[in-house]
Amino acid sequence: MTSPALNILKDVFGYDGFRGQQQAAIERALAGQDSLVLMPTGGGKSVCYQVPALLTDGITLVVSPLIALMQDQVSALTELGVPATFLNSSLSRDEQDDVIARLRGGQLKLLYIAPERLVQPGTRALLGSLPIALIAIDEAHCVSQWGHDFRQDYLALGGLGEWFPGVPRMALTATATERVRAEIIERLALTDAARLVSDFDRPNIRYQVQPKTDGRSQLARFVSQHRDEAGIVYCLSRKKTESTAEWLVSEGYTALPYHAGLDAQTRAENQRRFLVEDGVIIVATIAFGMGIDKPDVRFVAHLDLPKSLEAYYQETGRAGRDGLPAAAWMIYGLQDVVRLHQMADESVAGEEYKRFERQKLDTLLGWCEITRCRRIPLLAYFGDELKEECGNCDNCLKPPVTRDGTEDAQKLLSAVYRTGQMFGAAYVVDVLLGKDTDRVRKNGHGELSVFGIGVDREAKAWRSAIRQLVVQGFLRVDAARFGALVLTKESREVLRGEQDVRLREDPVVVRSRKTKRSASRGEDIEIVDIVLWEALRECRQRLAAEHNVPPYVVFHDSTLRQMVNERPTDPEALLEISGVGQAKLEKYGETFLGVIRQGG
């Protein structure tokens with residue numbers, strides 16, 4: 001005998017079973033109990049509160065930080081026949097009055113609202129007069145000052161228990177260390193909250209990290225493997241997002257910039273195109289992404305270091321939410337480290353917070369430089385365990401070569417010391433290579449014993465060694481002195497020959513003339529089915545335009561893939577396809593069945 005919750009999951013959402021901690025979260029909500037739900041990006045957090053919303057009398061309140069996220073969720077629920085809407089500043093006065101009338105008339109099951117709107121006395125008075133059944137706080141890590149995306153407006157949500165006594169609360173996030181989890185529970189004043197933590201692994205994502213040599217040519221090689229696929233490219237500065245987008249367009253890609261400096265209309269239009277059109281690349285700062293639910297993002301690329309492993313996991317988690325193969329690719333250099341340290345040091349935050357930010361950056365750097373499976377320490381950082389190597393990261397697929405770098409480390413550390421610990425990496429490398437530059441002559445460093453002792457290696461090898469010694473703790477970058485390299489107490493043992501150092505050989509990148517097949521077609525779709533695959537995608541695009549929703553709101557790629565493989569020819573068979581519920585069967589069933597019967 002199936003449960004009412006499972007019936008809702010199947011009939012409304014079109015899925016046969018719950019994943020991870022979904023069922024436990026639903027049961028806690030139905031029992032009137034609080035919970036903290038941690039699931040990976042794409043793990044199905046929204047089901048945790050949407051299912052109980054349809055099983056309880058009253059309204060489920062969903063606190064969400066972004067207007068775009070609310071609109072996305074409401075569009076998807078409306079397509080499923082679920083009465084849901086949002087209340088935010090994007091609505092006109094008449095539209096807000098209509099929402100309020102529908103709330104008072106008992107016509108809605110879910111209401112999405114921003115935290116700053118929720119804390120207004122008028123809004124609280126309105127909601128206090130309504131039967132609130134459940135409160136879901138999405139992106140709950142925003143309440144934590146130690147998290148990667150702190151938002152001041154979330155702090156007021158600690159009053160929810162007083163404003164709505166007896167109403168169960170569910171805090172949800174995809175990224176939270178143990179410290180952040182504890183702070184979420186404390187700041188939201190959750191009562192006896194169960195911590196429901198799902199497996200953080202995203203096995204379909206391939207992690208690739210490379211030292212930054214020539215960023216643009218490196219990106220060119222990477223994106224050439226993803227022609228006509230949706231992707232996100234993250235940059236640290238607004239200027240770089242715009243120049244990179246322009247360059248990608250010149251290379252024949254559909255690419256759009258996104259950052260906080262663009263006017264709201266341009267940002268909204270670029271985001272809309274990314275969600276609605278196929279094969280669009282968004283080049284963005286971290287201003288883009290939270291809550292983006294586009295399932296067919298095939299890659300996320302970082303041209304600069306993010307601020308922490310939490311930010312990296314969150315940002316890369318926007319790839320492959322449909323479960324199909326996806327890539328997380330990143331390049332980084334010492335200049336990224338200098339810039340991020342400067343940003344932390346220039347912050348108006350207290351010294352403890354600055355120190356914490358530097359520690360997070362150091363942890364990320366250490367992860368970049370590891371020579372073993374990347375997924376094991378990434379998951380361990382979030383308290384998750386992977387018992388064996390993943391086989392789907394660059395280090396697993398092509399284990400890096402290491403060498404005894406003790407002598408090189410001694411030469412490098414000596415050069416830093418002899419030049420007075422006052423210069424950045426480029427200058428120290430010039431001294432090692434014996435370059436007779438104006439600056440070297442001016443400082444008299446051509447007379448030093450270390451001048452020219454590194455001519456047996458190329459400049460890029462020395463830059464790599466500097467980066468690795470920083471990660472291993474034998475050198476420090478002093479951001480306050482414009483990136484000057486400084487010795488640490490650990491470096492003394494290396495200089496005295498009491499500590500061995502191993503260095504990784506950076507891989508030699510060989511250009512390939514082969515063009516990889518588009519991953520969006522899927523590995524298990526035979527070539528004879530490509531005609532049907534494209535016909536189904538064309539049908540989805542047309543219906544999405546008619547209904548004014550993104551294509552994935554009609555059906556995910558994974559649902560179309562299953563249609564191609566199983567070729568259902570009647571409504572009963574189509575209903576067995578994952579992602580096809582009763583509402584979508586009635587709305588789209590015959591149209592898609594017609595395409596399948598024609599064989600594309």
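Could you say which residue among L30, L77, L38, L87 is under 27 Å from G589 (Cα atoms) and among the aliphatic types (A, V, I, L, M)?
On the way: L30 fails: under 27 Å from G589 (Cα atoms); L38 fails: under 27 Å from G589 (Cα atoms); L87 fails: under 27 Å from G589 (Cα atoms).
When all the criteria are applied, what remains is L77.
Which of (1) in contact (Cβ under 8 Å) with a residue 12 or more places away in the chain; (2) farther than 22 Å from V180 by Cα; (3) among the hydrophobic types (A, V, I, L, M, F, W, C) does A125 not meet, given it meets every other one?
Of (1) in contact (Cβ under 8 Å) with a residue 12 or more places away in the chain; (2) farther than 22 Å from V180 by Cα; (3) among the hydrophobic types (A, V, I, L, M, F, W, C), only one is false for A125: (1).
Taking segment 323-350, which residues are part of a loop (DSSP other than H, G, I, E, B) and either closer than 23 Å to C393 by Cβ or in contact with an Asp or Glu (Cβ under 9 Å, 6 or more places away or on another chain) (or both)? Talk me through it step by step, then tell me what you get.
First, pick out the residues of segment 323-350 that are part of a loop (DSSP other than H, G, I, E, B): 323-325, 333, 346-350.
Answer for segment 323-350, where residues must be part of a loop (DSSP other than H, G, I, E, B) and either closer than 23 Å to C393 by Cβ or in contact with an Asp or Glu (Cβ under 9 Å, 6 or more places away or on another chain) (or both): G323, L324, P325, G333, S347, A349.
Could you count how many residues in segment 168-179 are buried (at least 16 other Cβ atoms within 10 Å of the Cβ) and free of Cβ contacts under 8 Å to residues at least 40 places away in the same chain? Let's see the steps before the verdict.
Step one: filter segment 168-179 for residues buried (at least 16 other Cβ atoms within 10 Å of the Cβ), giving 168-177.
In the following step, the residues that additionally are free of Cβ contacts under 8 Å to residues at least 40 places away in the same chain were identified as none.
Of the residues in that region, 0 qualify.
Being crowded, with 19+ Cβ neighbours inside 10 Å and within 30 Å of Y207 (Cβ to Cβ) narrows it down to one residue among V401, V450, V429; which is it? Before the answer, list the steps.
On the way: V401 fails: crowded, with 19+ Cβ neighbours inside 10 Å; V450 fails: within 30 Å of Y207 (Cβ to Cβ).
After ruling out the rest, the residue left standing is V429.
Filter segment 243-288 down to the residues that are under 14 Å from the mean Cα position of the chain (by Cα) and surrounded by fewer than 23 Cβ atoms within 10 Å (Cβ to Cβ) and list them by number.
If the condition is that a residue be under 14 Å from the mean Cα position of the chain (by Cα) and surrounded by fewer than 23 Cβ atoms within 10 Å (Cβ to Cβ), then T285, I286, A287 are the ones that fit.
Residues of segment 198-229 being in a strand (DSSP E or B) and at pLDDT below 90, which ones? Please lay out each step first, then the result.
The first filter runs over segment 198-229 and keeps only residues in a strand (DSSP E or B), leaving 205-211.
Listed by number, the list holds a single entry, P211.
Cβ contacts < 6 Å: first residue over 15 Å from L54 (Cα atoms), restricted to segment 75-96; second residue among the small types (G, A, S) and surrounded by 14 or more Cβ atoms within 10 Å (Cβ to Cβ), any location; separation 6+ or different chain. Result?
Hits for this filter: N88/A114.
Which helices (runs of 4 or more DSSP H) sit wholly inside segment 414-478 and have at least 3 residues that are among the hydroxyl-bearing types (S, T, Y) and outside the structural domain of L305 (by TED's automatic domain parsing)?
Working: elements: 425-432, 438-443, 459-471.
Hits in segment 414-478: none.
Across segment 440-467, what is the total count of residues that are under 43 Å from the mean Cα position of the chain (by Cα) and not hydrophobic (A, V, I, L, M, F, W, C)? Show your work before the answer.
First pass over segment 440-467, keeping only residues under 43 Å from the mean Cα position of the chain (by Cα): 454-467.
Applying the additional criterion that residues be not hydrophobic (A, V, I, L, M, F, W, C) yields 454, 456-458, 460, 463-464, 467.
Number satisfying all stated conditions: 8.
So is Q218 surrounded by fewer than 20 Cβ atoms within 10 Å (Cβ to Cβ), out of contact with any Ser or Thr (no Cβ under 9 Å at 6 or more places or on another chain) and touching a residue at least 60 places away in the same chain (Cβ under 8 Å) or not? Break it down into steps so the answer makes sense when it comes.
Numbers: surrounded by fewer than 20 Cβ atoms within 10 Å (Cβ to Cβ): yes; out of contact with any Ser or Thr (no Cβ under 9 Å at 6 or more places or on another chain): yes; touching a residue at least 60 places away in the same chain (Cβ under 8 Å): yes.
Answer is yes for this residue.
The values are calculated or read from the model by the stated rules, or taken from the named source; none is laboratory data. This is a predicted model, so every value here is computed, not measured. Neighbour counts run over all protein chains shown; Cβ positions are idealised from the backbone, glycine included.
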